Each structure stands twice: as C-alpha cells, then as structure tokens.
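We did not get these values from a lab; they are worked out from the coordinates using the rules stated. In this text, all values refer to a predicted model and were calculated from it rather than measured experimentally. Positions of Cβ are generated from backbone atoms using ideal geometry, with glycine treated the same way; all protein chains shown enter the neighbour counts.
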Amino acid sequence: MEQRILAHLAFLYGTEQASVLLERLRAILTHFRQRNPCLAKERLAPQERLTERDAILITYGDQVTEPSKPPLQTLAEVLDKYVKGVVTTVHILPFFPYSSDDGFSIVDYTVVNPDLGTWADVERLGRNFRLMFDAVINHISAHSRWFQEFLKGNPEFADYFIVVEEGTDLSQVVRPRALPLLTRVQTSQGERLVWTTFSADQIDLNYAHPDVLLKIIEILLLYIEKGAEIIRLDAIAYLWKKMGTPCIHLEETHRVVKLFRAILDAIAPHVMLITETNVPHEENISYFGDGSDEAQMVYQFSLTPLVLNAFHSGSARHLSEWAATLETPSDTTTFFNFLASHDGVGVTPALGILSEVEIQELVERTRAHGGYVSYRANPDGSRSVYELNISYFDALSDPRAAEPLDLQARRFLASQAIMLALVGVPGIYVHSLFGSRSYHAGVEQTGRYRSINREKFRRDELERELADPSSLRHQVFYPYLHLIRTRAAQRSFHPNGAQQVLFGNEALFALVRTSPGGDEKVLCIHNVSNAEQPFQVNLRALSIRHTGVLRDVISGTSCPVDDGDDLTLTVGPYQVLWLAGPSSANRGCPPGGRQRRPAA
C-alpha cells in the first residue's frame, strides 16, 4: 500500500519530495491508527458494502427545526421516527461554519456549525444511519483563518492559494459559472489576483503546495473518526490547476483521488469515496479509475435530465438507449442514482444524448413551470445553460395546471421508481421524499436561483401535513417509502445485479434486473406517458421463471402468463410494475436497521 501512496506522491511532487512527504504522511496515519485501532478491520466483503437494502437520504442539517432544540437533534428524531429501517444512509450536506452558498463556502472544516448542534449530535445521528459527509476541498471561505492569514502575509499560508499574474492567458480554463475566474484581493504585500472557480467568497486551494494536501488528508481522517462512512468529494474535477490547460479532470486531480483511496484502503477500508462531477457521462465515469483504485461511486448526473425528457415527451427512447450502455469497471464500483439534489438539474451531462432542441425544450418547460435557468461562461465569451432551478416535482407537473393531485403524485412517483429500479444505489433528496414544490419565497429572500429547492421545514407543520391523507406530502411520502421497502426486499436490485433494458413501446421504460447469483429476476415496467400503453414480452426469452403468473411486488397483484410464456399487459398512465417470479415475489420486506460499525 505504501508503494501506491509513494507513486502518487512522486507523480504529484517529484521523487525527491515524495520520500519526505511519505514520512510526514506515515506519522499522520500512525497517530490515526493509534486512536482508532478498530477502523483498519474489514467489516464486509467489498462487494457487499452496498446492497439492494441501501438508500441514501440527502438533507441539510437544519432541514427540520423546532423551538429550543438544535436542528441536528430534531433531524435525528424525525428521521428515527419516519424513515429508520427504510433509509440506511444520511448524507448531511455541509454542517460546518460557512459564509455563503448555503454551506459550501466553509470557514472551518473541523467544527460543527453551532447553529446546527455539535459533533455529538452528528454522532448520535450515526447510531441508526450510515453517515455521508461532504469534503468541500476545492475551495475554502474567504473568511476562513487560512485565507485571512494569507492576506496578512503569514508565510505558513503564503502558498495555500493560487495567485495569478495580471494578463495571464486563462482562456482554456473550463468554467462552471458565468462569474469571474479571478478575484482581486488586498494583502499585506499589495493587491493580488486569486483563483476563484465558483465565487469571490470561495477561494481555491493550491494543491501544488503539499502542505495543503496533507492538511486536507488530516481533515478527511477527522471526518472518519466522527463517523463518516462515505465521503463526497465536492467539485473534485477542478481540484488541480495548471496554466495552459482546461484545469478540469487533470491527471493530477485523478492522482489525488487515487491517493485518498489508497490511504482509506490502508486505514479505514469500510469508508467509500463518491465523486461529484457534473460533466458529460464519459468524463464522469473516469473517476471510477480502473475499478479498484479511485472512487467506489460516481454521481449519475445524466439520469436527471433524461428522466425529465422522458416524462415531458412521453417517450423513454433516449433514457432507454442511454441506460442500455451503462456499465462499471468492477463489482466494487457503482452509480449513485439521483433525480434531485440541493443544486439544480444539471444540463451538461445530457450533452451528446439530447439534441440542442430537446435541451431547449427542457429550458422552456422549466420556465413555464415557474423555474429558473442558470448559465456558465464558455472560453469564447458566450454562455451555455448549466442547470435548471426548480423542484423536481414542479419540473414534472405544472403547478398552475388543473390536474388532480393524485395524478401529479403518480407521475412523480413513477419518475422515482425509475431511479430505484436502475443499477446502482439511490440517492433521495429530502424534498423529493416529502413531495415539496418550488420555494419561490426563498429565491426572493436570497436572490439565488438554487434557493428554490432548499426550503426548510418546521417540524409541527411537516408532521401535520404527513398526517393529512389529502396533502401532497402524505400522497408522496408514504408510497415513496413503500417503493424503497419493496426494492430492499428484492435481491435483484443489488448494485452488482445485471441490468437488461427492453425496447419496444417507447412510452415504457422497461428493464430486467437480475440478482448477482442469477437466480432471481424482476421485470420493471414504467409508463412515462399519461395514456394506457400495451406491453408484450416472451418470458422464456428473458429467462424469467413463472407459475402461470407474475406478481407485482409493489401492489401484490398478479399478472397472468399464457401457455407460450408470453406476458401481455396494458400499463396504465404513469403506472409502475415490478414483476417477479415465485422466489422473488414471496420475499418479505427486510427487517429494519443496518449493520453497525464496531466501536473504535
């Protein structure tokens, strides 16, 4: 393992410096092992760290509040009450002190924002859920001690940030925002231009300075000590900068991720990395590495706009063609499937899959449904659509349309069922689970489009709506939980299970999921249109066993199969069917909870 680490350090900093850095890193890791002797033990086979029972909830630490109680405590109580035993993992979005961007401009990586609670509150949440933390390590707040010391001229921090000379040609740099790349700041040595990929308050760190890398490694180890079992590498694609290059997906960036992986394999092999790279699909999956040396999970960014396109057009053609190409390099890597998050709907990952006309149709539909559109700057000075800012529920259903609420809920749940059925692990944004609509008041308050999908709940109001069968939240939340439970009971939905996409009626997204052992299969059919659709398939050709019927594991109803093994169905508007043979259909829902990690 040390040879892997040394090789990455040598690539990044040269052979001579690598040996010195290895000694410093060895001391850091030795101290970590001494404090946490149990963490180096493998708990589960790598292929079973993630299974069909896993579902990840994405939420802010202050998502649910009530008077006189720290929000993290309230969150733990609400999640214990409503989703314990169904959701297995909680991704707490950045819960550190911050100065902007709703948590993604971190002032201090090492402490919990006192407005949310304490490390003890975070660890309490980890008693019943696996925890996923953000490593927002491309940049740090302009209000952080690190940057303030840089401004003062403290030599320890002189190289922590990237200073660029006036007039430097940066035309090749890929930009995720339509904002200036450089920010002018006043230091004790005079005016300087510093690199700011995302905003003037988010100052990029300089990983060409090895002290920065070692400091960040110490922070990752702290997160592991505090209970993180999945670490999300935020905006990792932009990590390393090199003049004269696009400064995205550089080999140095991949080497840093591989270095993190090598370290975790050595001292905490149960901890997984997930890379957040909102880029076209082929670039995104490059962060799997060779399947054993980089991230275990990558965000499935293309899924979100493709599902929207399917429901807007009533055709799953693009979604089906894309899904049929999905593969991972090993049985220890998988996709993190999601349809909504704290950010908007990324459009860039759909490039090359949807036409410009189809992308423009998404833009126009978003605006028609009350949403907003964000842009990024191109090297030639033009702008391109970057993301659509709208709640996913409203992206699918026009809030001003005279449609029955149950029809809108059924459409939304059909979209979520597609995500749950696909190979990978589902990531469920809290506003999807609770059926939230767009939060226009938030945009008015902050002036930021992304606030449209970041409304916070008052506990009493949330629980009142959940208890009301006529409310949208009730009509989404409880059927959604049922879908997650149903998925967890089917071994065929294991991330390492095979996936075969079926083609025929373009209004149906249909696929067969097969368990890793090949002994169980589920035929999944999703109608993306508001009309009845015919479906026919020969089960013998799909090697699906039956006893004259297949059972829909969602509803419990049976579908007859004729003597020639043909299954013929009429699928209702936005109907979802997950059809299984005798062994799968007879499985009950799994018991609650999850395997806990040993105490350190």
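The largest-to-smallest principal axis extents of the Cα set in segment 301-455 are 47, 46, 28 Å.
Look at the dipole of the chain built from charges on Cβ: of LEU567, PHE503, THR118, the Cα furthest out on the positive end belongs to THR118. Round to the nearest 0.05 the FRET efficiency obtained for LYS84 and ASP380 when R0 = 41 Å and r is the Cβ-Cβ distance. E between LYS84 and ASP380, to the nearest 0.05, is 0.20. Counting every C-alpha pair in segment 36-143, the share spaced more than 24 angstrom apart comes to 32%.
Near GLY572: Cβ cut-off under 14 Å, other residues only, Lys/Arg at +1 and Asp/Glu at -1. The net charge is -1. The label-point distance for ARG317 and ALA178, in a model that sets each label 7 Å from Cα toward Cβ, rounds to 3.1 nm. Rounded to the nearest 20, the Cβ-based charge dipole of segment 496-585 about its Cα centre (Lys and Arg +1, Asp and Glu -1) stands at 240 debye.
For segment 307-370, the direction-averaged projected area of the alpha-carbon convex hull comes to 5.4 nm². Across the chain, the longest run free of exposed loop sites, meaning GluC sites (Glu not before Pro) lying outside DSSP classes H, G, I, E and B with no more than 15 other Cβ atoms within 10 Å, spans 328-531. Taking every C-alpha pair closer than 8 Å and separated by at least 6 residues, the mean separation divided by the residue count of the chain gives a relative contact order of 14 percent.
Taking the DSSP bridge list for the chain and keeping only pairs wholly inside it, about 60 percent are antiparallel. Find which of ALA237, GLN189, LEU221 sits farthest along the positive direction of the dipole of segment 183-237, computed with +1 on the beta-carbon of Lys and Arg, -1 on that of Asp and Glu, about the Cα centre. So the residue furthest toward the plus end is GLN189. Hey, quick one: spin label on VAL357, modelled 7 Å out along Cα-Cβ, who in segment 492-506 has an amide N within reach, i.e. under 20 Å? Correct set: 506. Checking every one of the chymotrypsin sites (Phe, Trp or Tyr not before Pro) in segment 82-155 against DSSP loop status and a limit of 14 other Cβ atoms within 10 Å picks out no site at all. Each of VAL136, HIS318, ILE359 was placed along the dipole of the chain (beta-carbon charges, centred on the mean Cα), and the one lying farthest toward the positive end is VAL136.
Please state the shape class of segment 133-246: rounded when a/c is under 1.5, otherwise prolate if a/b exceeds b/c and oblate if not, all from the C-alpha gyration tensor. It is oblate, given that a/c is not under 1.5 and a/b is not larger than b/c. Net charge dipole, segment 169-310: roughly 360 debye, given to the nearest 20, about the Cα centre with Cβ charges of +1 for Lys and Arg and -1 for Asp and Glu. For PHE457, neighbours were defined as the other residues whose beta-carbon sits under 10 Å from its Cβ, and their charges (Lys and Arg +1, Asp and Glu -1) total -3.
Rounded to the nearest 20 debye, the dipole magnitude of the chain is 1360 debye, with +1 charges on Lys and Arg beta carbons, -1 on Asp and Glu beta carbons, and the Cα centre as origin. What is the gain in length, in nm to one decimal, between ASP398 and SER470 on full extension, counting 0.36 nm per residue of separation less the C-alpha to C-alpha distance? Residue separation times 0.36 nm, minus the Cα-Cα distance, leaves 24.0 nm. Mind giving me the FRET efficiency for GLU364 and GLN148? R0 is 51 Å, r the Cβ-Cβ distance, nearest 0.05 is fine. Given R0 = 51 Å and the Cβ-Cβ separation, E is 0.70. When both segment 97-142 and segment 261-321 are represented by their alpha-carbon centers, they are found 23 Å apart. Extension gain, SER99 to GLU16, is 26.0 nm, computed as 0.36 nm per intervening residue step minus the present C-alpha separation. A helix-only calculation puts the chain at -9500 deg cm²/dmol for mean residue ellipticity at 222 nm, using -39500 (n - 2.57) for each DSSP H run of at least four residues, averaged over all residues. Taking every C-alpha pair closer than 8 Å and separated by at least 6 residues, the mean separation divided by the residue count of segment 319-472 gives a relative contact order of 28 percent. Distance distribution note for segment 496-585: the fraction of Cα pairs above 17 angstrom is 44%. By DSSP, the beta bridges lying fully in segment 301-455 are antiparallel in about 65 percent of cases. Straight-line cross-link partners of LYS152 among the lysines, defined as a Cα under 30 Å from its Cα and at least 8 positions apart when in the same chain: LYS215, LYS241, LYS242. Using the Cβ of LEU193 as centre and a radius below 11 Å, the other residues enclosed give a net charge of -1, where K and R count +1 and D and E count -1.
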